[in-house]
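Take a look at the structure below.
The values are calculated or read from the model by the stated rules, or taken from the named source; none is laboratory data. Remember, it's a predicted structure, so these values are computed and weren't measured experimentally. Don't worry about glycine lacking a Cβ; one is built from the backbone with ideal geometry, like all the others, and counts go over all protein chains shown.
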Amino acid sequence: MKPSCALLLVSTLSTLVACTRIETGEVGVRIGFDKQISPGELLPGSFNQTFVGSVLTFPVKDVSVRVDDITPLAKDNSTMKDFDAMVVYNINPQAVSELYVKKNRSFHAEHDGDIYLMYNYVHQAARNAIYKSARKYEALDMNDNRQAIETEVKELIIHTLAEEKLDTSITVSQVLVRVILPADSVVASANELVRAKNEYKQKEVEVQTAKKEAERIAALNSNKGAIEYMAAMANMKIAEAIANGKVNTIVIPSDFKGMVNVR
């Protein structure tokens with residue numbers, strides 16, 4: 001092999017080894033040997049040499065931000081025991097370089113070699129939105145209004161982005177409320193209220209039952225004379241029937257166990 005060919009082969013192998021491929025859902029930015037960021041973004045599917053300088057990769061599609069273990073204040077001034085949510089956002093690929101260069105580095109987050117642009121910023125915006133939205137609902141009503149809270153939190157985040165002129169660079173696609181737990185004291189009070197209501201209903205039934213029984217007894221007592229009169233009249237009619245021979249009287253011993261045939 002000629003020296004020139006060998007050098008070309010070594011150069012080619014070195015280039016391939018010192019190379020980064022931009023994966024689907026990512027955008028890259030080149031950092032020069034002078035630590036300066038080159039203008040423009042490196043698009044998904046492209047191979048970029050890192051023999052000179054380096055390449056930073058940024059996930060831009062469906063980045064999930066978990067907002068966990070926050071304790072917003074409810075409308076009834078009780079502090080929620082736990083509130084967990086998730087926000088999904090996307091970065092405009094054409095805005096990657098500008099966001100990384102111009103925005104405060106504390107707005108971003110890094111994990112496994114990737115830089116998640118504006119992750120911390122979106123996290124804080126979501127947190128603020130949740131605190132604001134939760135204040136409109138009683139602690140025990142939040143779960144029933146979960147979908148309304150998701151919609152409102154999303155709208156508040158989008159409004160924040162628009163105020164900061166970031167609405168063309170960041171798109172919020174989804175807000176999902178995962179956990180809503182009222183304070184233990186609120187749950188205990190609610191259970192106590194339910195128990196008291198059930199006891200009240202039970203007492204109410206008992207009172208109504210006693211009232212009806214009292215009315216029945218009172219009616220019997222008020223008609224006692226009429227009942228006695230009717231009984232006396234019945235006895236008199238029976239006596240008259242016996243006197244006129246219209247009634248046959250049969251005396252049966254108390255210990256009689258046979259059959260009586262009446263014709």
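It is to be established whether one or more residues within region 19-34 are over 25 Å from Leu166 (Cβ atoms) and modelled with pLDDT of 80 or more. Scanning region 19-34 turns up no residue that is over 25 Å from Leu166 (Cβ atoms) and modelled with pLDDT of 80 or more.
Just a yes or no: is a residue in region 129-136 farther than 17 Å from Asn77 by Cα, in contact with a helix residue (DSSP H, G or I) (Cβ under 9 Å, 6 or more places away or on another chain) and in a helix (DSSP H, G or I)? For region 129-136, residues farther than 17 Å from Asn77 by Cα, in contact with a helix residue (DSSP H, G or I) (Cβ under 9 Å, 6 or more places away or on another chain) and in a helix (DSSP H, G or I): present. Restricting attention to region 110-133 and to residues that are modelled with pLDDT under 95 and out of contact with any Leu (no Cβ under 7 Å at 6 or more places or on another chain), the residue that is surrounded by the most Cβ atoms within 10 Å (Cβ to Cβ) turns out to be Tyr116. If a residue has to be touching a residue at least 60 places away in the same chain (Cβ under 8 Å) and loosely packed, with under 15 Cβ neighbours inside 10 Å to count, how many in region 99-109 make the cut? Of the residues in that region, 1 qualify.
Do we find a residue being over 16 Å from Phe83 (Cβ atoms) and assigned to a helix (DSSP H, G or I) anywhere in region 163-171? Outline the logic, then answer.
First, pick out the residues of region 163-171 that are over 16 Å from Phe83 (Cβ atoms): 163-171.
Narrowing further to those that are assigned to a helix (DSSP H, G or I): 163.
Among the residues of region 163-171, at least one is over 16 Å from Phe83 (Cβ atoms) and assigned to a helix (DSSP H, G or I), which makes the answer yes.
The number of residues in region 212-263 that are hydroxyl-bearing (Ser, Thr, Tyr) and modelled with pLDDT of 75 or more comes to 0.
Taking region 70-98 as the region of interest, how many residues are more than 22 Å from Tyr137 (Cβ to Cβ) and touching a Phe, Trp or Tyr at 6+ places or on another chain (Cβ under 8 Å)? Spell out how you get there, then give the answer.
At the first step, the residues of region 70-98 found to be more than 22 Å from Tyr137 (Cβ to Cβ) are 88-98.
The next check asks that each one be touching a Phe, Trp or Tyr at 6+ places or on another chain (Cβ under 8 Å); those that pass are 91, 96.
The total comes to 2.
Residues in region 144-188 that are in contact (Cβ under 8 Å) with a residue 60 or more places away in the chain and of a type in the set (Val, Ile, Thr): Val153, Ile157, Thr168, Ile170, Thr171, Val172, Val175, Val177, Val179, Ile180, Val186.
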